[in-house]
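Only one structure is covered here, and it is reproduced in the block below.
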Amino acid sequence: MRAECQCGHLSVELPGPTPAVVASHCTACQRRSGSPIGVLVYYPADQLIIAGEVQRFERLTDEDNTFETFFCPTCGSTAYARASRHPPIIGVAVVSIADPDFRPPLRSVWEQTKPSSRTPP
């Protein structure tokens, strides 16, 4: 399996499917993904092959840890992320895999900041 940015200059080779698919509704993931939800699939870092130039953005979490997002400097697509709380694990952006049959999230977190499900009038 392969994940890549919009322009194809940054890619991540994945070992295959994993059940560790997590949907986050936190406001930081909403801003990062440009949608009401950010979905990452998690793998041990040593199982991934990352190729291409990458930019890094680091932010503090609500628990005073850090969360790093890695994105393509050309097109701006998020490719993967890493939390200091779990350093040997990397979360790959499911949208960068671009597989409509990719497994749905196993867990949903930060639902207290999930956007309202009301439909507009």
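The values are calculated or read from the model by the stated rules, or taken from the named source; none is laboratory data. Please read these numbers as outputs of a predicted model, since none were measured by experiment. Methodologically, a virtual Cβ is constructed for each residue, glycine included, from the backbone with ideal geometry; neighbour enumeration extends over all protein chains shown. Ligands, DNA and RNA are stripped out before the accessible areas are found, and what is left, the full protein with its side chains, is counted by its heavy atoms. Shrake-Rupley method; radii C 1.70, N 1.55, O 1.52, S 1.80 Å.
The residues of the chain expose, per residue, 61 Å² of accessible area to a 1.4 Å probe.
Treat every Asp and Glu Cβ in the chain as -1 and every Lys and Arg Cβ as +1, leave all other atoms uncharged, and give the resulting dipole magnitude about the Cα centre to the nearest 20 debye.
On the way: 11 positive and 12 negative charges, 70 e Å.
Dipole magnitude for the chain comes out near 340 debye.
Per atom type, the chain shows carbon and sulfur on 53% of its accessible surface, probed at 1.4 Å. Each Lys or Arg adds one and each Asp or Glu subtracts one; over the other residues with Cβ under 10 Å from the Cβ of GLY38, this totals +2.
Of all DSSP beta bridges confined to the chain, the antiparallel ones make up roughly 90%. The residues neighbouring THR69, those whose beta-carbon lies less than 14 Å from its own, together hold a net charge of +3 under the Lys/Arg +1, Asp/Glu -1 convention.
Taking the stretch 51-106, which GluC sites (Glu not before Pro) meet the DSSP loop condition and have no more than 15 other C-beta atoms within 10 Å?
GLU53, GLU63
Report the relative contact order of the stretch 20-90, percent, no decimals, based on alpha-carbon pairs under 8 angstrom and at least 6 residues apart.
Numbers: 104 pairs, mean separation 17.3, N = 71.
Across the stretch 20-90, relative contact order equals 24 percent.
For the chain, averaging the sequence separation of C-alpha pairs within contact (under 8 Å, six or more residues apart) and dividing by the residue count gives a relative contact order of 33 percent. When Rg and the Kirkwood radius Rh are both evaluated on Cα atoms of the chain, their ratio Rg/Rh stands at 0.96. Rounded to the nearest 500, the 222 nm mean residue ellipticity of the chain from helices alone is -1500 deg cm²/dmol, with -39,500 (n - 2.57) taken per DSSP H run of at least 4 residues. Between SER116 and ASP62, the C-beta separation translates, for a Förster distance of 22 Å, into a calculated FRET efficiency of about 0.55.
Charged neighbours of ALA98, selected by a Cβ distance under 15 Å, balance to -2 (K, R count +1; D, E count -1).
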